[in-house]
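Laboratory data are not the source of any read-out in this text; all were calculated from the coordinates shown. In this text, all values refer to a predicted model and were calculated from it rather than measured experimentally. Cβ placement follows ideal geometry from the backbone for every residue including glycine, while neighbour counts extend to all protein chains displayed.
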C-alpha cells in the first residue's frame, strides 16, 4: 500500500534531529527535547553509517515500547503465560493485554496479541474469572486498522493454514485473502471490505472448530 501511494518506510532507523527548511513567520521548532526519566529509554547509539537526510513535508515516527515488568524480565520470554481466562500458574495472579501470553486452543500454544481490541477482551475474561463467573467463549484472534483511508481487518489463525487464496484486486486495495488448512478456512485478511468481516468471521470460526477441538490450557 505504501508503494502504491508513493510513501517510504525506513525500518530500524532512529531520528537524530528534525529541522525546518527555513525560518518562516509563525514556524514551530521541529527539534525534540529529551524529557524521559533516567533509564526509561535505551541509550542512543552512534550510527555505523553516515546519517541519511530526507527532505519531506511530513513524517510519522513509530517509537515502539519497552517492557519494564520485573516478572516478564525475570522469565525472559516477553509475557506471562495465562489460560484464555487470564489465569497464570500462580494462585490469584492474572494477566491481560501486552503483559500476557494467552493460550490459543486452536494452535495449542501461548501467543502474544499486541492489539488493543484483544487486550480489552482479555481484560473482560480475566475480570469474569476473578468474580467466579462462567467463562464466555474464547473469541477468535482479530485486529483492524485504518491505513491511508483503507480499512484492514484480520481474523483467525493464518499460521495454521497451508494455502492462501486471493479474491479481488490487491493493487486496487480491495481484496480478501482466505487462509485454509486442508481446504478449511482458518483465517481471513480483508482490505477495503469492512462489510465482509461478519461472514469471514463465521467461516473461519466454523473451520477452526472443525479442525481443532478446544484444549485445556497449560499455565
Q | Burial order of peptide ranges 89-97, 181-189 (average beta-carbon count within 10 Å, highest first) | A | 181-189, 89-97
Q: Tell me the label-point distance for the pair residue 167, residue 107, using the 7 Å Cα-to-Cβ offset, in nm and rounded to one decimal.
A: 2.5
Q: Using a Förster distance of 25 angstrom, determine the FRET efficiency expected from the C-beta separation of residue 93 and residue 159, and round it to 0.05.
A: 0.35
Q: Go through 144-157, 101-114 and give me the packing order, highest mean Cβ count within 10 Å leading.
A: 101-114, 144-157
